[in-house]
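The values are calculated or read from the model by the stated rules, or taken from the named source; none is laboratory data. On a predicted model such as this, the values are computed, not experimentally measured, just so you know. All Cβ positions, even for glycine, are placed from backbone atoms using ideal geometry, and neighbour counts span all protein chains on display. Please note that ligands, DNA and RNA were not included when accessible areas were found on the heavy atoms of the full protein model with its side chains. Shrake-Rupley method; radii C 1.70, N 1.55, O 1.52, S 1.80 Å.
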Amino acid sequence: MPSDDFNPLRLQTRCARVQEPVNSATRPLVPPLSLGVVGVVSDLEQIDALYEGRAEGLIYARDGHAEAERFARKIASLEGAEAAWATGSGMAAEAAVFLAALSGGDHVALAEGLYGKTIRLVRDQLTRFGVSYDLFDPTHPKSLEQVLTPATKLVFVETISNPLLRVADIPGLAALTRPRGIALAVDHTFGPLLGRPLAWGADLVIHSATKLIGGHSDLTLGVVAGSRGWIDRIAPVVTTFGFSAAPMDCWLASRGLATLALRVERACANALTLARRLQAHPQVCAVHYPGLESHPDHQRACTLLSGFGAMVTLDVGGRPQADHVIRRLAGRIPFAPSLGDTATTLSHPATTSHRGLRPEDWARQGIHPGLIRLSIGLEAVDDLTAELNAALDGLEAVPLPPSP
Ligand SMILES: Cc1ncc(COP(=O)(O)O)c(C=O)c1O
């Protein structure tokens, strides 16, 4: 292929090479998405300076990139943390915390009712490397005290658990971990902006940004925030194991953060109204929502949180009833096993998030096939009420399962 008078380079070369950036006296109001994997280094002096920390700069995306940095800085500021690090998913953030905090022979205390995959990460994976664990009730710090051993290095808890939405006594747990030098990590996925775990005494706060932070079910991302010392321990785990976040997901999540406060406020308000209304429905056996006075952690939720969260769990009796409601809601409130979308979705914990747990774990945690967890969105609450009422009304005809 020929060159031409304006450019001595052949067409193949012009195709292969990246265009120079466009000059502009202005800068975009919104930072442009940067997908580049690798930085261009000017010379050997600069590469030495970059690797030795004498110059700031991004070299390779697995080790860090502008989108991850921008997203993590915003999370650090929202959580009141010195630093934060983005990861490829919520589970990647959790795995990085476990791997940074624990070595063979160490013990970790896990809150009852954690996300099923979190329990499995420890039970099925970390135990292969000589880590042991015990479960405790995060609403009763005394129960944590009973499982602590000299080998305990980490306590892991969720602010609001799934699906019964129990609110952990994080200040009470921190009063036990702090004096003993044990790290307290809080998965705050269900409670962004509703409280700051680090201010309650936790050492690390983790989010699955796939959920409310991203807010549109179109990205997979995690983040962990804490002291500079902790993030300096966690970052090499992320970059070495390859748990790193993708630029596009970080960019989308940064955009999601712009509306997070509004979305959380609206979803919490809708959830409270719906929980109160559903409580009065004759076909609903129970409604689990920390904003209801009937919830066992209502008082703690009032003290600790600035809102009661966007999740509401209904007990409709058994699997046939749950299946009936799920079918009746199809096309309106979809069965989509995630949470935190702008639109209301539902999940069935027994067959999704808690599927891999043993029957005895279910029994202890109060999980059964009649539970439906709603992730409340931003719709008009009267529409949601009408749709749920219509689905529940038909339940009279569904035979109740035999009592166990
Ligand atoms: C409370 C909680 N933590 C962590 C995770 C894992 O997040 P991800 O799916 O982004 O890996 C989930 C996922 O559902 C979750 O519900």
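The figures follow:
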| read-out | value |
| --- | --- |
| Descending principal axes extents, the stretch 206-256, alpha-carbon based, whole Å | 32, 21, 14 |
| Length gained when the stretch Ala343-Tyr60 is fully extended (0.36 nm per residue, less Cα-Cα span) | 98.2 nm |
| Antiparallel DSSP beta bridges within the chain, as percent of all bridges there, nearest 5 | 55 percent |
| Label-point gap, in nm, between Val37 and Phe129 - each point 7 angstrom along Cα→Cβ | 2.6 nm |
| The chain - percent relative contact order, Cα under 8 Å, separation 6 or more | 16 percent |
| Label zone at Lys117 (point 7 Å along Cα-to-Cβ), backbone N below 19 Å, the stretch 355-376 | 355-358, 373-375 |
| Using alpha-carbon coordinates, inclination of helix 260-279 to the longest axis of the chain, degrees | 10 degrees |
| Rounded tilt (10° steps) of 381-393 against the dominant C-alpha axis of the chain | 50 degrees |
| Cα pair count fraction exceeding 24 Å, expressed as % - the stretch 260-397 | 27 percent |
| Inter-label distance for Ala261 and His216, nm, one decimal - labels placed 7 Å from Cα along Cα-to-Cβ | 2.1 nm |
| Size of charge dipole - the stretch 23-172 - debye, nearest 20, with Cβ of Lys, Arg +1 and Asp, Glu -1, no other charges | 420 debye |
| Per-bin percent of Cα-Cα distances, the stretch 44-258 [5 Å] | 1, 8, 16, 20, 20, 16, 10, 6, 3, 1, 0, 0 |
| Compactness of the chain, expressed as Rg and Dmax over alpha-carbon positions, Å | 24.0, 87 |
| Reciprocal mean inverse distance between Cα atoms of the stretch 76-174 - Kirkwood radius, Å | 14.2 Å |
| For the stretch 20-64, projected area of the alpha-carbon convex hull averaged over all directions, nm² | 4.4 nm² |
| Length released on extending from Thr13 to Asn389, taking residue separation times 0.36 nm less the Cα-Cα span | 128.9 nm |
| Using alpha-carbon coordinates, inclination of helix 247-258 to the longest axis of the chain, degrees | 60 degrees |
| Cβ crowding within 10 Å averaged over residues, with 298-306, 108-116, 76-84 ranked highest first | 108-116, 76-84, 298-306 |
| Where Phe6, Phe190 fall by accessible area, highest first, once all protein chains stay in place (1.4 Å) | Phe6, Phe190 |
| Cα shape, the stretch 328-398, gyration tensor, a/c 1.5 rule | oblate |
| Heavy-atom accessible area per residue - the chain, 1.4 Å, Å² | 48 Å² |
| Difference of contour (0.36 nm per residue) and Cα-Cα distance, Arg180 to His140 | 12.6 nm |
| Enclosed volume per residue, in Å³, of the convex hull spanned by Cα atoms of the stretch 133-204 | 80 Å³ |
| Nitroxide proxy distance, nm - points 7 Å out along Cα→Cβ at Glu293 and Leu29 | 4.8 nm |
| Local net charge near Ser42, Cβ-Cβ under 15 Å (Lys/Arg +1, Asp/Glu -1) | -3 |
| Over the stretch 45-163, relative contact order from alpha-carbon pairs under 8 Å, at least 6 apart, % | 23 percent |
| Relative packing of peptides 347-358, 60-71, 164-175, 43-54 - highest average C-beta neighbours within 10 Å first | 164-175, 60-71, 347-358, 43-54 |
| Euclidean distance of C-alpha centroids, the stretch 333-371 and the stretch 272-323, integer Å | 15 Å |
